[in-house]
Amino acid sequence: MDSGTGMGMGMDGSHDSRWVSASATHREAVMTETARFVAVVEGADLATPVPSCPGWTLVDLIRHTGSVQRMFSGLLRQRVQERPLTRDAELDLPADDAGYPGWLTASSQVAARAFADTDPDAPMWVWGADPHARFWMRRMLFETLVHRVDAELAVGLRPVIDPALAADGVDEFLVNLPFAASFAPKTAHLRGQDETIRFRCTDRAGDWLIRLRPDGFELVPADAEATNPEATNLADATVEGAAADLLLLMYGRLDRTSDAFETSGDEDLLARWVANSEF
């Protein structure tokens with residue numbers, strides 16, 4: 001999927017059908033992923049620790065995810081044009097822990113109403129690469145999906161992630177990471193002398209090249225690579241794996257030394273990336 005910087009309005013001012021389709025997929029997937037999350041936590045002990053989110057229990061995980069959905073929905077309703085001064089949102093928290101699974105379902109319904117009332121191509125303030133409402137829809141999806149995975153890991157289930165969504169999630173992570181310094185300060189250490197790291201899917205189309213420059217790092221656009229075919233497969237370090245595993249690697253839910261990955265090249269460079277790309 002494109003990074004989001006070159007899609008949106010056609011030259012005649014019409015909506016780009018690719019973004020309309022992608023936004024619809026993201027909106028629907030938020031509902032699906034929330035339902036899967038709720039199915040995991042209903043009947044579970046909400047005091048269960050969440051190993052992939054140290055210090056959190058299942059109720060903390062639910063509260064965080066639903067709060068994010070409601071906060072992003074508020075941003076969409078307001079069509080914010082500049083960074084908000086507060087992150088306060090109408091949370092309508094349940095009276096006790098037993099009410100949290102139902103509250104999470106209600107949070108997704110708040111999101112559904114915000115989606116229905118919002119043009120995904122509407123210009124908005126965002127912290128990432130794509131200054132349109134669709135940024136928040138896509139971001140909400142992967143916030144929900146990754147925490148659904150956290151809930152499954154907490155109760156001993158093996159997570160399953162749709163490969164197409166996973167590849168889109170890898171793209172969303174890498175496209176936006178260069179803009180995340182305000183809440184991911186370790187990214188300041190991702191500097192270099194034009195060293196490159198490639199992430200490649202083995203189960204579907206998906207190939208991303210990161211370049212570390214003296215002043216920062218960037219996701220190299222696919223069309224830039226296309227102009228230099230000789231360099232297509234060259235990188236200082238490479239990680240190959242299934243889309244779902246790559247997504248979990250991006251979010252620190254799977255270690256790069258896992259048998260799920262084939263790695264090659266500069267191991268120190270890969271270790272530095274993993275240590276400083278926390279989102």
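What number goes with the only condition from (1) in contact with a strand residue (DSSP E or B) (Cβ under 7 Å, 6 or more places away or on another chain); (2) closer than 22 Å to residue 243 by Cα that residue 143 does not pass?
(1)
Looking at the stretch 242-279, which of its residues are in a loop (DSSP other than H, G, I, E, B), over 21 Å from residue 178 (Cβ atoms) and not polar (S, T, N, Q)? Spell out how you get there, then give the answer.
Residues of the stretch 242-279 in a loop (DSSP other than H, G, I, E, B): 242, 251-261, 266, 277-279.
Those left that are additionally over 21 Å from residue 178 (Cβ atoms): 242, 253-255, 257-261.
The answer is 242, 253, 254, 255, 259, 260, 261.
Which members of the stretch 184-204 meet the condition of being part of a loop (DSSP other than H, G, I, E, B) and either touching a residue at least 40 places away in the same chain (Cβ under 8 Å) or surrounded by 17 or more Cβ atoms within 10 Å (Cβ to Cβ) (or both)?
Step one: filter the stretch 184-204 for residues part of a loop (DSSP other than H, G, I, E, B), giving 184, 190-194, 202-204.
Matches in the stretch 184-204: 184, 190, 192, 202, 203, 204.
On the given criteria, is residue 167 within 26 Å of residue 104 (Cα to Cα), assigned to a helix (DSSP H, G or I) and of a type in the set (A, V, I, L, M)?
Numbers: within 26 Å of residue 104 (Cα to Cα): yes; assigned to a helix (DSSP H, G or I): yes; of a type in the set (A, V, I, L, M): yes.
Spelling it out, residue 167 is indeed within 26 Å of residue 104 (Cα to Cα), assigned to a helix (DSSP H, G or I) and of a type in the set (A, V, I, L, M).
Please determine whether any residue of the stretch 247-258 is within 19 Å of residue 165 (Cβ to Cβ), open to solvent by 40 Å² or more (accessible area, probe 1.4 Å) and without any contact (Cβ under 8 Å) to a residue 60 or more places away in the chain.
As a first pass, look at the stretch 247-258 and keep what is within 19 Å of residue 165 (Cβ to Cβ): 247-254.
From what is left, the residues that are open to solvent by 40 Å² or more (accessible area, probe 1.4 Å) are 252-254.
Next, only the ones that are without any contact (Cβ under 8 Å) to a residue 60 or more places away in the chain stay: 254.
Yes, the stretch 247-258 contains a residue that is within 19 Å of residue 165 (Cβ to Cβ), open to solvent by 40 Å² or more (accessible area, probe 1.4 Å) and without any contact (Cβ under 8 Å) to a residue 60 or more places away in the chain.
Do we have residue 94 as free of Cβ contacts under 8 Å to residues at least 12 places away in the same chain and either touching a Phe, Trp or Tyr at 6+ places or on another chain (Cβ under 7 Å) or open to solvent by less than 60 Å² (accessible area, probe 1.4 Å) (or both) here? Outline the logic, then answer.
Details: free of Cβ contacts under 8 Å to residues at least 12 places away in the same chain: yes; either touching a Phe, Trp or Tyr at 6+ places or on another chain (Cβ under 7 Å) or open to solvent by less than 60 Å² (accessible area, probe 1.4 Å) (or both): yes.
Yes: the conditions hold for residue 94.
Condition first: open to solvent by less than 30 Å² (accessible area, probe 1.4 Å) and free of Cβ contacts under 8 Å to residues at least 60 places away in the same chain. Now tell me which residues in the stretch 259-279 satisfy that.
Restricting attention to the stretch 259-279, the residues satisfying the condition of being open to solvent by less than 30 Å² (accessible area, probe 1.4 Å) are 261, 269-270, 273, 276-277.
261 - this is the single residue of the stretch 259-279 that is open to solvent by less than 30 Å² (accessible area, probe 1.4 Å) and free of Cβ contacts under 8 Å to residues at least 60 places away in the same chain.
Those residues that are farther than 16 Å from residue 145 by Cα and open to solvent by 40 Å² or more (accessible area, probe 1.4 Å), I need them from the stretch 61-88; list them, please. Reasoning before the result, please.
Keep residues of the stretch 61-88 that are farther than 16 Å from residue 145 by Cα, which gives 71, 73-88.
Correct list: 77, 78, 79, 81, 82, 83, 84, 85, 86, 87, 88.
Select from the stretch 47-60 the residues that are of a type outside the set (Phe, Trp, Tyr) and open to solvent by 20 Å² or more (accessible area, probe 1.4 Å) and list them in ascending order. Don't jump to the end; show me each part of the working.
Of the stretch 47-60, the ones of a type outside the set (Phe, Trp, Tyr) are 47-55, 57-60.
Within the stretch 47-60, 47, 48, 49, 51, 52, 54, 55, 57, 60 qualify.
Any chance you could count how many residues in the stretch 109-165 are closer than 25 Å to residue 204 by Cβ and touching an Asp or Glu at 6+ places or on another chain (Cβ under 8 Å)?
Number of matching residues: 11.
The values are calculated or read from the model by the stated rules, or taken from the named source; none is laboratory data. Predicted model, so just to flag it, every value in this text is computed and none were measured. Neighbour counts run over all protein chains shown; Cβ positions are idealised from the backbone, glycine included. When the accessible area is computed, the model is the full protein with side chains, heavy atoms only, and any ligands, DNA or RNA have been set aside. Shrake-Rupley method; radii C 1.70, N 1.55, O 1.52, S 1.80 Å.
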